[in-house]
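The values are calculated or read from the model by the stated rules, or taken from the named source; none is laboratory data. In this text the structure is predicted, and so the values were computed from the model without any measurement. Because the Cβ atoms are built from the backbone with ideal geometry, glycine has one as well, and the counts that use them run over all protein chains shown. The protein model used for the area step is the full one, side chains on, heavy atoms only, and it has no ligands, DNA or RNA in it. Shrake-Rupley method; radii C 1.70, N 1.55, O 1.52, S 1.80 Å.
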Amino acid sequence: MRRVLCVVLLVVGLLGCSVAAAGPGMARYDDFKVYKIYIKDEQQLSQLKKFKDILPIRYLNEITSANQNYDVTIDPVNQAKLEEQMKYYEMEYRVTIEDLQSVIEDSLPKARSTGMTWDSFHNLDDIYNFVDNLTMSFPNLITPFTFGYSYEGRPMKAVKISYKPNNKAIFIESQMHAIEWISSATSTCFFNKLLNSQDKNMRQLLMNYDWIYVPIMNPDGFVYTHTVERLWRKNRKPTGFSNSSGICYGTDLNRNFGYEWGALSAWNFNEPCDHWYGGAKPDSEPEVLNLQAFINSFPEDYIRMYVPLHSYGNLILLPYGHTSDIFPPNYDQMMRIAKAFADAAKVKYGTVFKYGSTGTINLSGYVSGASKDWAYGVKKIPYTGTIELRDYGEYGFFLPPNQIKEVCEEVTDGIIAMVAAAEKEELFRNSGPKNLTSIVNVMMLLCLLKFLTKFLLK
């Protein structure tokens, strides 16, 4: 009976609809395996998409293009059938997780929290209490914000950390995708270090830059992963659609921002019951609108770096996500800054971060409607780069809590180097991206004005 229930839950979860957990507990994935499948060509890609029509398979990545690895999970009853299909279509695969439920249980927060630590994951209340305690501990440095409310009425909290006037700001947000618990674990760890460390480099970061921090961008979805469905990704606003499983809930917030929305995106972007649904229109979700209004409340040219934390893949994703042919005017500059992060993050544990535009290196292919593209394309913030944290897919979204501190250390080292590289690029001094063409144009204009002045005085 337990295994039959798991299959039903998986099918419902696949369709992006409300999941009814058994009793007071969460949806269970006992003996579910996670497979990593290499798709070499378009024929295999087409067949992978069709698996959902014959099997209760759960895709853990967006299905985009060939020559990629994709992670899927399936119940024990149907594992032999899936393996038979993969062999028939000559797909290379391997099992990365033998029992998904055991991995999930190992990462669940402790039943009784004794405060914020980084040897376990934490729920929304713990994280918000941590942010409130920071505010109380550093009242002269921190300004707290509640910059709106989620669809289900939960507060969206943020802090601004400012050591002295006239600093430029770095904006960090995390937990936009509910399933990516490592993102908020890493961000809370980093800001704890920023405010409490006596390390010279960390003190310089604290004193010389303002920091704006949104710990939980998707509070409703995050709570849902702790109470009902660990594999949930989106927010919890109904889409207005339903299917045979019932009402379909949620929009992928990082597909809903109004910059090149829907221009070119992955499979099922327009499917209201899918996990990567981008919404009926851009900027349709309250959480997205709240963040945009919050960013708009700050002076133009104040925020100079925008860094969302996501998982997984060990990537630094720069604009743009909707194309692999068009690049930002200061792309070379952003690449140098991203390289500095990658080089420093590798030192302690050997973690290799790839960096480049989303359209050229992202594991999930094209992504339109992302927050970092909106921050660059609409708000003209000169450096916007999403950091996709560990790992490359051995654990994927279910990274063990014993890796939190290591992830925090490598990200902290990366941010120190990234900010230093941005400073070298004069990102915090100029009114816009360092751009040789712009400088030349200004010089030409000055020469023209000088000529006209001489001409008029004759």
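Table for the structure above
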| quantity | calculated |
| --- | --- |
| Listing of helices (runs of 4 or more DSSP H) fully contained in region 100-208 that carry 2 or more residues being among the charged types (D, E, K, R) | 100-107, 124-137, 200-208 |
| Verdict on Asp71 being touching a helix residue (DSSP H, G or I) at 6+ places or on another chain (Cβ under 6 Å) and at negative phi | yes |
| Candidate set: region 304-333, residues that are of a type in the set (Val, Ile, Thr) and open to solvent by 10 Å² or more (accessible area, probe 1.4 Å); chosen: the one nearest to Lys424 (Cα to Cα) | Ile326 |
| Tabulated pairs, region 361-377, first farther than 12 Å from Tyr306 by Cα and outside any loop (DSSP other than H, G, I, E, B), second among the aliphatic types (A, V, I, L, M) and at pLDDT 95 or above, C-beta under 7 angstrom, 6+ apart or interchain | Ile361/Leu315 |
| Condition met for Glu180 (among the acidic types (Asp, Glu), open to solvent by 60 Å² or more (accessible area, probe 1.4 Å) and at pLDDT 95 or above) | no |
| Qualifying residue in region 173-189 (condition: within 18 Å of Ala422 (Cβ to Cβ) and not charged (D, E, K, R)) | no |
| Residue match in region 336-358 (condition: at pLDDT below 95 and surrounded by fewer than 18 Cβ atoms within 10 Å (Cβ to Cβ)) | no |
| Among (1) more than 20 Å from Pro328 (Cα to Cα); (2) surrounded by fewer than 20 Cβ atoms within 10 Å (Cβ to Cβ), the one test that Ile361 misses | (1) |
| Residue match in region 242-254 (condition: aromatic (Phe, Trp, Tyr) and either touching a Ser or Thr at 6+ places or on another chain (Cβ under 7 Å) or open to solvent by 30 Å² or more (accessible area, probe 1.4 Å) (or both)) | yes |
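For (1) under 30 Å from Ile161 (Cβ atoms); (2) open to solvent by 50 Å² or more (accessible area, probe 1.4 Å); (3) touching a strand residue (DSSP E or B) at 6+ places or on another chain (Cβ under 8 Å); (4) of a type in the set (A, V, I, L, M, F, W, C), each residue gets a yes or a no:
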residue	(1), (2), (3), (4)
Tyr38	no, yes, yes, no
Asn61	no, no, yes, no
Val72	no, no, yes, yes
Tyr88	no, yes, no, no
Glu92	no, yes, yes, no
